1. So which of G105, G91, G49, G111 ends up being surrounded by fewer than 17 Cβ atoms within 10 Å (Cβ to Cβ), free of Cβ contacts under 8 Å to residues at least 12 places away in the same chain and either small (G, A, S) or not in a strand (DSSP E or B) (or both)?
2. Consider V4 carefully, then state whether it is closer than 22 Å to V131 by Cβ and modelled with pLDDT under 95.
3. Within region 162-178, is there a residue that is out of contact with any Phe, Trp or Tyr (no Cβ under 9 Å at 6 or more places or on another chain), of a type in the set (G, A, S) and buried (at least 16 other Cβ atoms within 10 Å of the Cβ)?
4. Identify the residue in region 27-61 that is modelled with pLDDT under 95 and among the charged types (D, E, K, R) and, among all such residues, is nearest to G84 (Cα to Cα).
5. Residue check: is D86 at pLDDT below 95 and either more than 18 Å from S200 (Cα to Cα) or touching a Phe, Trp or Tyr at 6+ places or on another chain (Cβ under 8 Å) (or both)?
6. Residues being touching a Gly at 6+ places or on another chain (Cβ under 7 Å) and not hydroxyl-bearing (S, T, Y): count how many of those fall in region 159-204.
7. Out of everything in region 75-88 that is in a loop (DSSP other than H, G, I, E, B) and β-branched (V, I, T), what residue ends up being surrounded by the fewest Cβ atoms within 10 Å (Cβ to Cβ)?
8. Step by step: first the residues of region 123-152, then only those that are among the β-branched types (V, I, T) and within 16 Å of the chain's Cα centre (by Cα), then the one that is surrounded by the fewest Cβ atoms within 10 Å (Cβ to Cβ). Which residue is that?
Amino acid sequence: MAFVHGKDSKVFLNNNDFGEYFNNVDFTKTADVTETTAFGSSNKSYISGDKDGTVSLSGMFDSVADAVLQPFLGSSTNTDICIGADGITDGKSIFFGTGVVTNYGQSSPVGDVVATTVDLQSNAGLFTGLVLDNATVTATGNSTVTDNSASTSNGGGAIAIVTAKSGSSTPTATIKIQHSSDNVTFVDLVTFTDFTAVGSQVSEVASGTTINRYLRVNYTITGSTPSFSVIVGFGRVG
């Protein structure tokens, strides 16, 4: 049994690493239930409905972080979130999604550090998955392959984060997640919008879609002396 210490947790909001500002995170995945009990039944029965998710973060106030966090509240653009309880390196478990920031608060107790809280309501639920690749990419190619041992058949979600970018002649990264049933022939599963700057994207793979056993990240990199620091993850829906 391998337990995990919370000190290694990583928190990304969009392409921003906020791990140094927060010291607690709670996330909840829920599903609606609807009662289907009929006359004559002695026991209640239910069917499951839509999935949902919320995230709550708390930590220490910082003016630099505050300037980034406050605009999330009330923004017409969803905020992407990615959290790794055991870090965000290849093969590590992550949960991620995109949603609306519903609360941003501060607390200033006398004799203690000024605190910050952020709450996020997910849009289309939260995904639990694995980091497929965390690397600095400078040329076209593929990541190592992640083996899930078996295919799945109920869709999923994908996330790509570019935390740093450099180069000239408009460096561009086309990032795809590809899948394969035999670890030989790979086909595109998710294609993200081209990255020409730092940023993040979350993409949903429709429910009912079969995702083959093997996954890898495919990169097409253009520009002069390009360099992209990327994190790519995928979560299968069971």
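1. Values: G105 fails: free of Cβ contacts under 8 Å to residues at least 12 places away in the same chain; G91 fails: free of Cβ contacts under 8 Å to residues at least 12 places away in the same chain; G49 fails: free of Cβ contacts under 8 Å to residues at least 12 places away in the same chain.
Of G105, G91, G49, G111, the one residue that is surrounded by fewer than 17 Cβ atoms within 10 Å (Cβ to Cβ), free of Cβ contacts under 8 Å to residues at least 12 places away in the same chain and either small (G, A, S) or not in a strand (DSSP E or B) (or both) is G111.
2. yes
3. Within region 162-178, the first condition is being out of contact with any Phe, Trp or Tyr (no Cβ under 9 Å at 6 or more places or on another chain), and the residues that meet it are 168-170.
Checking which are of a type in the set (G, A, S) leaves us with 168-169.
Restricting the remaining residues to those that are buried (at least 16 other Cβ atoms within 10 Å of the Cβ) gives none.
The answer is no, given that none of the residues of region 162-178 is out of contact with any Phe, Trp or Tyr (no Cβ under 9 Å at 6 or more places or on another chain), of a type in the set (G, A, S) and buried (at least 16 other Cβ atoms within 10 Å of the Cβ).
4. Going through the qualifying residues, I end up with K29.
5. yes
6. Count: 6.
7. T77
8. Out of the qualifying residues, it is T128.
The values are calculated or read from the model by the stated rules, or taken from the named source; none is laboratory data. From a predicted model like this one, the values you see are computed outputs, not experimental measurements. Cβ coordinates were reconstructed from backbone atoms using ideal geometry, including for glycine residues, and neighbour counts include every protein chain displayed. The area values use the complete protein model at the heavy-atom level, side chains included, leaving out ligands, DNA and RNA. Shrake-Rupley method; radii C 1.70, N 1.55, O 1.52, S 1.80 Å.
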